[in-house]
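A.B. asks: Following this message is one structure expressed as structure tokens.
Derivation of every value follows stated rules applied to the coordinates shown; laboratory data play no part. All figures in this text were calculated on a predicted structure; none of them were measured in a lab.
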């Protein structure tokens with residue numbers, strides 16, 4: 001009987017400890033993004049992000065933070081003759097390019113000062129949702145359907161509120177064009193969130 005009681009107490013404590021190290025929440029914020037490449041202006045444009053996150057504690061200093069985010073990326077086309085590729089799209093010549101992504105960053109948090117400040121780093125996988133009619137004149141798509149990036153930044157946590165500042169750099173070419181010109185996403189993210 002005592003063994004069953006100890007086992008039950010141990011199970012209750014284990015569940016309680018795991019729940020104490022697991023939380024979920026939602027967040028929103030601003031993006032400053034651009035597409036690096038010969039066809040685009042070297043300037044950051046403002047857009048937004050919305051989504052949810054989970055924090056899974058791995059002891060006193062480490063946590064894993066997976067997120068699911070709707071992220072809008074904007075850039076402006078460089079319309080000078082030398083920068084637009086041959087057979088390129090008429091829609092690019094209007095200037096604005098908006099790409100909507102479903103992004104899934106999986107970040108490792110290293111905690112400083114208790115839970116107050118964390119350094120974050122990890123990969124981000126993104127799926128292109130909306131191409132904003134940015135098609136080549138011959139009917140081909142201009143952008144690849146996915147992107148792979150690395151993320152680094154800091155996160156502040158006060159009670160149930162979180163705030164983060166991150167840098168995101170694309171590692172693969174998102175252009176579907178046949179020429180040698182490579183396009184890569186790049187941006188800064190500022191967000192605030194609330195844990196539930």
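A.B. asks: Please compute, over every Cα-Cα pair in the stretch 140-182, the percentage with a separation greater than 14 angstrom.
C.D. replies: Tail fraction, whole percent: 62.
A.B. asks: Between the stretch 154-191 and the stretch 25-51, what is the separation of their alpha carbon centroids in Å?
C.D. replies: Taking the Cα centre of each part, the stretch 154-191 and the stretch 25-51 sit 7 Å apart.
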